[in-house]
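Please treat every number below as a calculation from the coordinates, not as lab data. As the structure is a prediction and not an experimental result, all values here were calculated from the model. Backbone-built Cβ (ideal geometry, glycine too); neighbour counts: all protein chains shown.
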């Protein structure tokens, strides 16, 4: 009997899962919440600046992995591999050894030297420049496999923005590494030049493709800024799929984590793609990873793709999900984030008033505020469920954090239409849920309009597992059955499956998924009586979106 570890880095925390390779059973798990991130350090939401200190990630790595090893009591020699999945694109500047600049003297508190989180949208201008240059420079259109549009959520726009605003970081950075490559490099002790870079991150976020020999040409990058062409020399030309080994764990990290030095470290990946593997993705199955944002993942054979270029998505990359198949990604820039925003909006005045109250002692204030924060989303969901169909004509637009797919544009904003004096918080909440589901439908429509077949929808992630309201409305809006995976930790399980193949326990991803993949815990079937109601409201959603885009151009 052998074991592997899936290490899943989310926005707020990291989770380690020790998994039995025979049947995918979770033997032990551990979660570490990022302390600096929880304090809001190095972030400025008003500027869409979201940065994370690498110590959050390294401390989380040590705490979670060592804990699952210790608590499980499993012999370290039976733990054969680890795979890391992270958010993306979340790059950071590193030195020649692969250490984050934020860990070096002079840069300890510089946000530009830290990891630029996926949701950081402070480089919209730079993203637009990259898109325009790709269309006009006279050479290869490097965005043609990325939906034809470059995003501020991705690798080059973030680096270009920081190089322009912080020359000290630009000069001190030997290279830049995606989060998943950084952690993989740390575990193997490899330098940025030698670490095997993730095909998933490179293809979907950094415009890597075999057609042009790897990353975009130096001439193209220097047209944006000469420093990018110089940086390109210290990046990579080859990339690797996550079923491959990146090397063995270093002695330093083996000792820290209580593992054998024979432990294989798989090539890293992005969390949503690991989630798709953990959900048992296969051809013609759309996996929706539904959490803070969403990622919609498909795989297709080269024969089905037949040189198709899918417009408006976040990339089509050979081997990014399953080796030998084209991985396609789309998604929504805000999902759970949008509902959490509305909850905070309602809570904020009450929290301020209760905090000032002279009629409640400090201990009861603390308990009351904690209860309100914990119960608000649950209460809103329960009240929204009570509303009869057609009780409100409110139409919402889910672009509060910008639009990711189709056609990325992070400058777009949300909207509400149809308010009256009878509008309640439950009405608004339900309209936001509907808008998120309409956004999901628009993505599926885009895939199908481009000639791809979708036979089933599988959902994973925190929202999928916790919110019956959201998932039932999604089934009704899509007019499709939605299956929810039994594992609440699907990305970590997917990483464990990658690890099991990378260290040779299974010879293929198909066989590993068959043995280790989860069953389904719940199935949501659409209420076909609501089909026409939601079809009409969806048309209003599309019209509202067009109006918002016109307003954004003014």
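In terms of the Cα gyration tensor, with a ≥ b ≥ c the square roots of its eigenvalues, is segment 155-294 rounded because a/c is under 1.5, prolate because a/b exceeds b/c, or oblate? Here segment 155-294 falls in the oblate category.
Given only helices, namely DSSP H runs of n ≥ 4 each adding -39500 (n - 2.57), what is the per-residue ellipticity at 222 nm of the chain, to the nearest 500 deg cm²/dmol? So the calculated ellipticity at 222 nm is -13000 deg cm²/dmol. Going by a ≥ b ≥ c, the root eigenvalues of the Cα gyration tensor, does segment 257-401 fall in the rounded group (a/c under 1.5), the prolate group (a/b larger than b/c) or the oblate group? It is oblate, given that a/c is not under 1.5 and a/b is not larger than b/c. The label point for residue 393 and the one for residue 306, both projected 7 Å from the Cα toward the Cβ, are 4.4 nm apart.
What is the gain in length, in nm to one decimal, between residue 211 and residue 468 on full extension, counting 0.36 nm per residue of separation less the C-alpha to C-alpha distance? Let's see the in-between values first.
Values: separation 257, 0.36 × 257 = 92.52 nm, distance 4.40 nm.
Stretched fully, the residue 211-residue 468 segment lengthens by 88.1 nm.
Taking the Cβ-Cβ separation of residue 353 and residue 527 as r and a Förster radius of 30 Å, what is the calculated FRET efficiency to the nearest 0.05? Show your work: numbers first, answer last.
Working: r = 40 Å, r/R0 = 1.34.
FRET efficiency, residue 353 to residue 527: 0.15.
Look at where the Cα atoms of segment 482-519 and of segment 1-44 average out, and the two centres are 16 Å apart. Ranked for footprinting exposure by Cβ neighbours inside 10 Å, fewest first, 416, 257, 353 give 353, 416, 257. For segment 33-129, the Kirkwood hydrodynamic radius comes to 15.4 Å, computed from all pairs of different C-alpha atoms.
The alpha carbon centroids of segment 207-221 and segment 242-277 are separated by 28 Å.
Working from label points 7 Å from Cα in the Cα-to-Cβ sense, the residue 144 to residue 13 distance is 4.5 nm.
With Kirkwood radius over Cα pairs in Å defined as stated, name the option among (i) 26.9; (ii) 26.2; (iii) 23.9 computed from the structure displayed. Answer by label: (iii).
Expressed as a whole number of Å, what is the distance separating the alpha-carbon centroids of segment 133-172 and segment 400-448? Distance between centres, Cα-based: 28 Å.
Restricting to segment 271-411, what percent of DSSP beta bridges are antiparallel, rounded to 5?
Values: 15 of 16 bridges.
Roughly 95 percent of the beta bridges in segment 271-411 run antiparallel, per DSSP.
Give me the percent of DSSP beta bridges within the chain that run antiparallel, rounded to the nearest 5.
On the way: 48 of 68 bridges.
Antiparallel bridges: around 70 percent, rounded to the nearest 5.
Cβ crowding within 10 Å, taken as a proxy for footprinting-reagent exposure, orders 43, 503 from fewest neighbours to most as 43, 503.
Neighbour counts of other C-beta atoms within 10 Å: give me 379, 284 arranged from fewest to most.
Numbers: 379 16, 284 13.
In order of increasing Cβ crowding within 10 Å: 284, 379.
Extension gain for residue 379-residue 22 works out to 124.4 nm (0.36 nm per residue, less the C-alpha to C-alpha distance).
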